[in-house]
Amino acid sequence: ISFSANIIVPPGLFCYRVDRNRLLLGGALTDGGSVVEWARSLLSLQSKESFDVCMEKVAQIYEGNRDSRHFSSPNSTISMVPFLSGERSTGFRGGARACISGMTRETTPAHFMYACLEGVILRLGAVMKLIINVCSGLKISTLEGESPHGKGEKMHCVIVASGNALERNSLWRQMLADCTGVSVVVDAESAEGTSRGVAVMIAGSTDDGNVEKLSVVSNAKPSAGASAYWTQSSICQENLIDAISPTWTN
């Protein structure tokens, strides 16, 4: 963030000063793609064929839930808290534990996998919500110059997918876009996303300020009408976290 005013960093985010004018604001999850790998192992979906079949069913579940004004069945209300290795953002509780709630006899491996995917997306959404809240009241500039919309207007932004789990899973990217309301892109040069990000910041600090453009090979845009579903899902997960957190050790 290039900023021209003081900011208040809320609990749940990290904030590093890059130089006198710029901050790096963000959050971190301990478990992301590792949740999917854990679920694949637990459900015996290690082969590509079995996993692909499961993901086709997961996509159908998501489309049905997203496009409906109400949860269509008890299986759609499964909620997961994906803290398999404790929690970093937004609560930073090392003793946090994972939980899946709402399973019935009719719960299938696809419902279970869907709950895992959604659980991680909701935690990413919680981080993004905090970041957007911080940025919304500031005059923000990008490395390429001030927002074309001017002061007080929304700045165009995207989420650049990084890591094998997001890069290879188009459904997960779409879920993230729908949850956050921000487009999720795959960059052709995103194999080392963190290193590339550092290089972009350094390039922006040079005298000419030239920054290499993203080479977008995939762009998942937010679906119209999806926000209501994700708002309700977020409430369900936060309620579950509140209910189980007293049982955590630290």
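What do you get for trypsin sites (Lys or Arg not before Pro) in the stretch 23-114 restricted to DSSP loop and a cutoff of at most 15 other Cβ within 10 Å of the site's Cβ?
Sparse-neighbourhood loop trypsin sites (Lys or Arg not before Pro): Arg69, Arg105.
Under the Karplus relation 6.51 cos²θ - 1.76 cosθ + 1.60, θ = phi - 60°, what is the ordered set of whole-Hz ³J(HN,Hα) values for the stretch 179-188, x standing for Gly and Pro?
3J(HN,Hα) across the stretch 179-188, in whole Hz: 5, 8, x, 10, 4, 10, 10, 10, 8, 4.
Okay, which of the stretch 99-119 sit inside 14 Å, backbone N to the point 7 Å along the Cα-Cβ direction of Leu171?
108-119
In a shell of Cβ-Cβ distance under 12 Å around Val184, excluding Val184 itself, what net charge do Lys and Arg (+1) and Asp and Glu (-1) give?
Charge balance in the 12 Å sphere: -1.
Between the stretch 233-250 and the stretch 81-133, what is the separation of their alpha carbon centroids in Å?
The distance from the Cα centre of the stretch 233-250 to that of the stretch 81-133 comes to 10 Å.
Ranked from the most accessible area to the least, with a 1.4 Å probe and all protein chains present, what is the order of Trp172, Trp38?
Trp38, Trp172
Cβ under 13 Å from Ala126's Cβ, Ala126 left aside: what net charge do those residues give with Lys, Arg +1 and Asp, Glu -1?
Value of the local net charge: 0.
The values are calculated or read from the model by the stated rules, or taken from the named source; none is laboratory data. Because the structure is predicted, anything quoted here is derived from the model rather than measured. All Cβ positions, glycine included, derive from the backbone under ideal geometry; neighbour counts span all protein chains shown. Side chains included, ligands, DNA and RNA excluded: accessible areas come from the protein's heavy atoms. Shrake-Rupley method; radii C 1.70, N 1.55, O 1.52, S 1.80 Å.
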